[in-house]
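Asker: Questions regarding the structure given below will be posed in turn.
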Amino acid sequence: MLNLLVTGSSGQVGSEIQALATNYKYNFFFTDKDDLDISNENEINNFVEINNVDIIINCAAYTAVDKAEEDKESADLVNHLAVKHLAQISKEKNIKLIHISTDYVFDGKAHMPYIEDDTTNPNGIYGKTKLDGEIAMQNINPKNSIIIRTSWVYSSFGANFVKTMLRLGKEKDSLGVIFDQVGTPTYAKDLAKAILEIIPKLDSHVKHDWESNVKIYHYSNEGVLSWYDFAKEIMKMAKLDCKINPIETKQYPTPAKRPHYSLLNKSKIKNEFNINIPYWKDSLYECLKTMGEKK
């Protein structure tokens, strides 16, 4: 039985993996920052050795996008240096590393869904530190390891846009929500399932010795929408009587600049791993049902 270390297990994706764990024949070690400091190379190394870890799923991240603009050191420690440590240990121990990254590595100026080889150009510190983590992992190149970029993550666990809209929808008569940022939400449960289904296929996904062993994939739910569309559908499904008004990004200034276009092309992950990706409305429905909010 494979031993899987899941870091950042109290986050959205990590929590969804925990919820699904009993459906899979793996031995899981779920850790968060209080159990395992992934910025400490010796601590990770000892944990991996003692528990004979075969695969690391790195769900840990510094995700406070606006706060990162002032707290660059903390963001870099988790999003870049910790990933570098995990990659080094994975290579030394000949184990696999699955690392979750973000659409924020792009500047959002595209007009077609981003493919994995498109030029990266992050707008802020969060995106830059996540990209630095990707680059470090690729340079170290642990065998049969992958990076999965995702976008607009939500879940029944943790804090996210869906939960915020549900709370505000019960408190307010109307809300202004941005309509000029376009992308696709990702239900963390769908991403967690995809990761667990990919694991048995990792050994065979590298076709040639000359190919880079660390490969990048994109994953989000299917469909295209704005945050405004997303909020409207949340209110509709939850039957909340809160009017959603469209506003422009410039009407809601934030310390960190958000990408205006975050669509990810998922063809590569679907084709190489035979992954079926649900439509965003179906996944939102399932999440709201899980939370008891579907009316």
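We did not get these values from a lab; they are worked out from the coordinates using the rules stated. For clarity, every value in this text was computed on a predicted model and none was experimentally measured. Every residue, glycine as well, gets a Cβ built from its backbone with ideal geometry; the counts of neighbours run over all protein chains shown.
Asker: Sticking with the crude label model, points 7 Å out along Cα→Cβ, report the distance from ASN52 to LEU2 in nm, one decimal please.
Answerer: Modelled inter-label distance: 1.6 nm.
Asker: Would you calculate the convex hull of the Cα atoms in the stretch 1-143 and tell me its volume per residue in Å³?
Answerer: 120
Asker: Using only Cα atoms and rounding to the nearest 10 degrees, what angle (0 to 90) does helix 227-238 make with the longest principal axis of the chain?
Answerer: Helix 227-238 sits roughly 80 degrees off the main axis of the chain.
Asker: SER174 versus GLU69, label points 7 Å from Cα toward the beta carbon: distance in nm?
Answerer: 2.7
Asker: Quick one: go through the stretch 46-77 and flag any residue whose amide nitrogen is under 20 Å from the point 7 Å out along the Cα-to-Cβ line of ILE247.
Answerer: Within reach of a label on ILE247, which here means backbone N under 20 Å from a point 7 Å along Cα→Cβ, the stretch 46-77 contributes 65-67.
Asker: For the chain, what does the helix formula give at 222 nm: sum of -39500 (n - 2.57) over DSSP H segments with n ≥ 4, over the residue count, nearest 500 deg cm²/dmol?
Answerer: Here the helix-only value at 222 nm equals -10500 deg cm²/dmol.
Asker: Further question: To the nearest 10 degrees, how steeply does helix 188-198 sit against the main Cα axis of the chain, on a 0 to 90 scale?
Answerer: It is inclined by approximately 30 degrees.
Asker: Roughly how tilted is helix 161-171, in degrees to the nearest 10 and between 0 and 90, from the longest Cα axis of the chain?
Answerer: It is inclined by approximately 30 degrees.
Asker: Give, in nm to one decimal, the length gained when the segment between GLN18 and LEU77 is fully stretched (0.36 nm per residue of separation minus the Cα-Cα distance).
Answerer: The span from GLN18 to LEU77 would gain 18.8 nm if fully extended.
Asker: Over 21 Å between Cα atoms: which of LYS96/LYS201; LYS239/LYS289; LYS67/LYS281; LYS25/LYS84 fall into that group? Mind dumping the intermediate values first?
Answerer: Numbers: LYS96/LYS201 12 Å; LYS239/LYS289 13 Å; LYS67/LYS281 30 Å; LYS25/LYS84 29 Å.
Violating the 21 Å limit, Cα to Cα: LYS67/LYS281; LYS25/LYS84.
Asker: Let me ask another. Take the Cα atoms of the chain, find their three principal axes, and give me the spread along each one in whole Å, biggest first.
Answerer: Here the spans come out as 56, 38, 38 Å, largest first.
Asker: Apply the Debye scattering formula to the stretch 64-215, with a single equal point scatterer on each alpha-carbon and no solvent, then give log10 I(q)/I(0) at q = 0.10, 0.17 Å⁻¹.
Answerer: Taking Cα atoms of the stretch 64-215 as identical point scatterers yields -0.43, -1.15.
Asker: A further question on this structure: Taking square-rooted eigenvalues a ≥ b ≥ c of the alpha carbon gyration tensor, is the stretch 121-202 rounded, prolate or oblate, where a/c under 1.5 means rounded and, failing that, a/b exceeding b/c means prolate?
Answerer: Working: a/c = 3.27, a/b = 1.71, b/c = 1.91.
Oblate, since a/c reaches 1.5 and b/c is not below a/b.
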